[in-house]
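Just so you know, all these numbers are worked out from the coordinates, no wet-lab data involved. All figures in this text were calculated on a predicted structure; none of them were measured in a lab. So basically every Cβ, Gly included, is an ideal-geometry build from the backbone, and we count neighbours across all protein chains shown.
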Amino acid sequence: MQKITFSREMGFTRGEFDRILPAALNNREFDYSASGIKTAVSGGTMQLVISEQKYRKIASISLPYLDIEFIFEGLTDAQVEETMRFFDLRYQRGGG
């Protein structure tokens, strides 16, 4: 099992992200540190490195976003996929 790392932009304020985080981590215990958030997952670890709040400006609209680096250690590709599927569903926004 190797280290799996990837990044993505998420269109949330830091407050919104933090409010949803416990549910997205399936209510697992997690630690905040200077380097981010770390939790145990299926015998391995998941770490999130979160940027400072950023904004994308489009004309007069300012949209918040965060750059998030996901670091998985000690998990298989299938375990990472399953963990991210659950995580992504919690952050999914409805629309129409």
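Structure data summary
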read-out: Relative contact order (%) - criterion: Cα under 8 Å, at least six apart; region: the chain; value: 38
read-out: Set of lysines with alpha-carbon distance to K3 below 25 Å, sequence-local pairs under 8 removed; value: K38
read-out: With Cα atoms, 0 to 90° folded angle of helix 14-24 axis to the chain main axis; value: 30
read-out: GNM top mover of I71, I50, I20 - the chain, alpha-carbon springs below 10 Å; value: I20
read-out: Per-selection metrics, the chain (Cα): Rg and Dmax in Å; value: 14.1, 47
read-out: Tilt relative to the chain, helix 77-91 - C-alpha long axis, 0 to 90 degrees, to 10; value: 30
read-out: Cβ-based exposure ranking for S62, S35, in which fewest neighbours within 10 Å come first; value: S62, S35
read-out: Inter-site label distance for M10 and Y32 at 7 Å from Cα along Cβ, in nm; value: 1.4
